[in-house]
1. Would you list the helices (runs of 4 or more DSSP H) that sit entirely within region 1-104 and hold 1 or more residues that are open to solvent by 20 Å² or more (accessible area, probe 1.4 Å) and either of a type in the set (Gly, Ala, Ser) or without any contact (Cβ under 8 Å) to a residue 24 or more places away in the chain (or both)?
2. Taking region 122-139 only, how many residues are touching a Phe, Trp or Tyr at 6+ places or on another chain (Cβ under 7 Å) and not in a helix (DSSP H, G or I)?
3. Which condition does ASP145 not pass, out of (1) closer than 21 Å to HIS316 by Cβ; (2) open to solvent by 60 Å² or more (accessible area, probe 1.4 Å); (3) among the acidic types (Asp, Glu), if it passes all the others?
4. Do we have any residue at all in region 246-255 that's more than 28 Å from ILE195 (Cβ to Cβ), without any contact (Cβ under 8 Å) to a residue 24 or more places away in the chain and surrounded by fewer than 21 Cβ atoms within 10 Å (Cβ to Cβ)?
5. Is it true that some residue in region 274-292 is touching a strand residue (DSSP E or B) at 6+ places or on another chain (Cβ under 7 Å), open to solvent by less than 50 Å² (accessible area, probe 1.4 Å) and in contact (Cβ under 8 Å) with a residue 60 or more places away in the chain?
6. Which condition number in (1) buried (at least 22 other Cβ atoms within 10 Å of the Cβ); (2) in contact with a Gly (Cβ under 8 Å, 6 or more places away or on another chain) is the one that VAL182 fails?
7. Quick one: is SER4 under 28 Å from LEU339 (Cβ atoms) and small (Gly, Ala, Ser)?
8. Taking GLN149 as the residue in question, decide whether it is outside any loop (DSSP other than H, G, I, E, B), out of contact with any Gly (no Cβ under 6 Å at 6 or more places or on another chain) and within 16 Å of HIS327 (Cβ to Cβ).
Amino acid sequence: MADSFGVGAAPDAALFGDEGANTLGAVCKSPFLNVPFLKSKGLFNIDGVDCGCPASHPEGCFGKARELSAGKDTTSGHWEIAGLVSRQKMPVFPNGFPPEIVAALERETGRRVLCNKPYSGTEVLKVFGREQSETGALIVYTSADSVMQIAAHIDSVPLDELYSVCEKARKIMTGKYSVGRVIARPFKGDEPDYIRTSDRKDFSLQPHGEVLTDVVKAAGLQCVGVGKIGDIFCGRGLTESIHTVSNGDGMEKTCDLARRDIKGLIFVNLVDFDSKYGHRNDADGYAKALSSFDSDLKKLDLLLGEGDAAIVTADHGCDPTFPTTDHTRERVPLVTWGLGLQEGVNLGQRKTFADVSATVLEALGSETRLDGTSFY
């Protein structure tokens, strides 16, 4: 899962203010993009992708999928990939959280709330970081997505306490306030050089129905989550959950898993594309990250056995050249190979992200069906 790697505006992008968004198109303009492995598998052969150079004989299957869920956030995107379409939009707070929520947070945590507005995660530290670190108050902010983010310096609010604060916030944010995620955002350093640490933790809503991970585990297979998969699915269906600190770390641990005799699903999220580059409008950084990912995919490919397959996709877009720093409503790539799949097959434009889940279940021999249509 290349978090936020969109390949062009979805048909309903205008409803989200994202008409013209194209993460891959933006990154292709960078001189730092070099993705020969993904190219060989068919990334630039996808219908509607008008950047890069298509492979003359693509070695993988390629296509793209649109999102049916009502949002463009991490939670709904991952759930849909896992076979659960969310028709009801999760609440957002463009004017900050209401007074009763702020009062409840302050009462339950014993700490004052700062900010309470939509903010960039890096900019909010520039504005409120010093006051937070000096007073121990909590920086509470949101974005265009259904999230409550809580930031604190690790010297003023210890990590365990910040997690406890977020658990309390998760219990508060229910009913009409049920945001998709409450996110702990610890940071360190001194003004003006505050840095967010890799100890971020997401406290998600429970999926409102059965998801891919549930089915895989129930079938007696292994289901390993790498990166923030465990947080997004609240641990549901996972037989193992592995924390990562970067894209490179995530791919290294995925390669380690490929060396093991895993029978089932390895579900990987690589968040740096989104958090470090998309949201920070850093197209060159995004391009470099994709280039590193491409090299890591080549290493992973060498470890895949005859009974293995790989699917590269994403949960939404985050065009680093777009006027905002928010997610963008885009179609996402489907590039897949292995397990006897025929090479060079154009999967076309899939009607839902959930086709990924349907395909995985068919490939694993499961008779259970969730949302989506298999292309296996």
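1. 36-41
2. Summing the residues that are touching a Phe, Trp or Tyr at 6+ places or on another chain (Cβ under 7 Å) and not in a helix (DSSP H, G or I) in region 122-139 gives 1.
3. Just one mismatch for ASP145, condition (2).
4. No, the conditions are met nowhere in region 246-255.
5. no
6. Every condition holds for VAL182 apart from (2).
7. Yes; evaluated as a whole, the condition is true for this residue.
8. So GLN149 passes the test.
The values are calculated or read from the model by the stated rules, or taken from the named source; none is laboratory data. Please read these numbers as outputs of a predicted model, since none were measured by experiment. Note that we place each Cβ from the backbone using ideal geometry, even for glycine, and neighbour counts take in every protein chain shown. Keep in mind that these areas ignore ligands, DNA and RNA; they rest on the heavy atoms of the full protein, side chains included. Shrake-Rupley method; radii C 1.70, N 1.55, O 1.52, S 1.80 Å.
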